[in-house]
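The values are calculated or read from the model by the stated rules, or taken from the named source; none is laboratory data. Note that the structure is predicted; figures quoted are calculated from it, not measured. Reconstructed Cβ throughout: ideal geometry from the backbone, glycine too, with neighbour counts over all protein chains shown. We work out accessible area using only protein heavy atoms, side chains counted, and drop any ligands, DNA or RNA first. Shrake-Rupley method; radii C 1.70, N 1.55, O 1.52, S 1.80 Å.
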Amino acid sequence: MREEFLGSLVCPECKHNLIVENAQWAQGEIESGDLSCTGCSQHYPIQQFIPRFVASDSYADAFTVEWTVFRTAQLDSQTGLNLSDNTFQQFFNFPAKQLAGKLVLDAGCGKGRFAEIALNYGAHVVCIDLSYAIDAAHKNLKDRVNIDFVQADIFKLPFRSETFDGIYSHGVLHHTPDPDGAFKALVPLLKQSGFFSLMVYASYNKAYIQTTTFYRKLTTRLPKRLLLYLCYLAVPLYYVNKIPVLGPFITRILLPVSVNFPTHRWRICNTFDLYSPKHVFFYTHHDVFQWYKQTGFTDITPVNPGSGISYIGAKAS
Ligand SMILES: [Zn+2]
């Protein structure tokens, strides 16, 4: 943790300032120590360079496994592709270079796939994640400047109101127990006129949702490593997908596996992502538009990142 980052953090319980005690330094940063609240009796550990505001990864344990195993699978810097960059740019209704100099919250950063892109466009990124994926993100991006990492609960974040110039959360809130509540919990952290870029799953493909919901009743109860092994076995169905008519019926309805990604490893990762998370919710355009409208956003604009429901809006001044 950078020492300067301390000034951006507050106690998530009482919103008072924090001080560092028992700091151990390494590589010019705080490797371990305690954050003590000046307003209440709470203490929060700094471990492996990251302040931890949760005691465990809770309902997000599947993402700890996913992004520890597939830490580099989707990072443009590792794959040599520009898929994450292209996807990221489509989430905004302005050129991504306008992120330069902005303080941006990556709400649910995973292994840091989009944080890497936001950094490339000159943003200062604060990455938060409930799961230990935050350690994967740190490992991937610790050598970059203008980035900070926090393990925390999206419903109880350690930041003051109106801190961020922008928030993005792509493919995250539908995995919380209360996505609408998560959106509303994030909005106060945004400055007036700041942007909120969101992607959640779409509810329009009923057959796909019914089938995956059926399988998920079993798969979410399996040990994560066993499920991962089954995904390795299932993903070769990708080749079945190439059979006209019958192939897509099998891979998208009968036994859905990920077929839309460029590498074998990425398809295994995405299939695990489909069957492992504890919570999954699906939404219509109307649902998401209402989230923005009810919290006072203006310029509410649908954008097109492929699958999913994606919007961006500006917080009313
Ligand atoms: Zn406190």
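Does the range 28-47 hold any residues that are polar (S, T, N, Q), more than 16 Å from the ligand (Cβ to nearest atom) and surrounded by fewer than 16 Cβ atoms within 10 Å (Cβ to Cβ), and which are they?
Gln47
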task = List the number of the failed condition for Thr298; all other conditions in (1) open to solvent by 40 Å² or more (accessible area, probe 1.4 Å); (2) touching a residue at least 24 places away in the same chain (Cβ under 8 Å) hold.
result = (2)
ask   = From Phe195, Phe214, which residue is closer than 28 Å to Leu6 by Cα and among the hydrophobic types (A, V, I, L, M, F, W, C)?
value = Phe195
Qualifying residue in the range 80-87 (condition: closer than 17 Å to Val172 by Cα and among the small types (Gly, Ala, Ser)) = yes
query = Is at least one residue of the range 3-24 within 18 Å of Leu130 (Cβ to Cβ) and open to solvent by 20 Å² or more (accessible area, probe 1.4 Å)?
reply = yes
key: Extreme residue, surrounded by the fewest Cβ atoms within 10 Å (Cβ to Cβ), among residues of the range 71-104 that are within 30 Å of Leu228 (Cα to Cα), within 16 Å of the chain's Cα centre (by Cα) and not charged (D, E, K, R)   = Thr72
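I'd like to check which helices (runs of 4 or more DSSP H) are fully inside the range 240-317 and have at least 1 residues that are within 26 Å of Ala96 (Cβ to Cβ).
Where helices (runs of 4 or more DSSP H) fall fully within the range 240-317 and carry at least 1 residues being within 26 Å of Ala96 (Cβ to Cβ), they are 264-275, 285-294.
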task = For Ser41, state whether it is in the same structural domain as Glu21 (by TED's automatic domain parsing) and at pLDDT below 90.
result = yes
ask   = Given the conditions (1) without any contact (Cβ under 8 Å) to a residue 24 or more places away in the chain; (2) closer than 12 Å to Gly110 by Cβ, and given that Asp178 satisfies all but one, which numbered condition is not satisfied?
value = (2)
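Residue-wise test of (1) closer than 21 Å to Ser310 by Cα; (2) among the charged types (D, E, K, R); (3) not in a loop (DSSP other than H, G, I, E, B).
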| site | (1), (2), (3) |
| --- | --- |
| Phe88 | yes, no, yes |
| Phe114 | yes, no, yes |
| Ala118 | yes, no, yes |
| Ile128 | yes, no, yes |
| Ser131 | no, no, no |
| Ala136 | no, no, yes |
query = Condition test on Pro248, is it open to solvent by less than 60 Å² (accessible area, probe 1.4 Å) and more than 24 Å from Leu130 (Cβ to Cβ)?
reply = yes
message = So, Lys111, is that one open to solvent by 40 Å² or more (accessible area, probe 1.4 Å), within 19 Å of Pro51 (Cα to Cα) and within 18 Å of the chain's Cα centre (by Cα) or not?
response = no
task = Would you point out which residue out of Val257, Val288, Val280 is open to solvent by less than 30 Å² (accessible area, probe 1.4 Å) and either over 18 Å from Leu226 (Cα atoms) or small (Gly, Ala, Ser) (or both)?
result = Val288
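Of all residues being among the aromatic types (Phe, Trp, Tyr) and modelled with pLDDT of 95 or more in the range 153-206, which is surrounded by the fewest Cβ atoms within 10 Å (Cβ to Cβ)? Just the residue, please.
My answer is Phe155.
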task = Can you confirm whether the range 58-68 contains a residue that is assigned to a loop (DSSP other than H, G, I, E, B) and either out of contact with any Pro (no Cβ under 7 Å at 6 or more places or on another chain) or at pLDDT 95 or above (or both)?
result = no
Top-ranked residue in the range 1-27 [being charged (D, E, K, R) and not in a loop (DSSP other than H, G, I, E, B); ranked as nearest to the ligand (Cβ to nearest atom)] = Glu21
key: Within the range 54-70, tally of residues that are of a type in the set (D, E, K, R) and open to solvent by 30 Å² or more (accessible area, probe 1.4 Å)   = 1
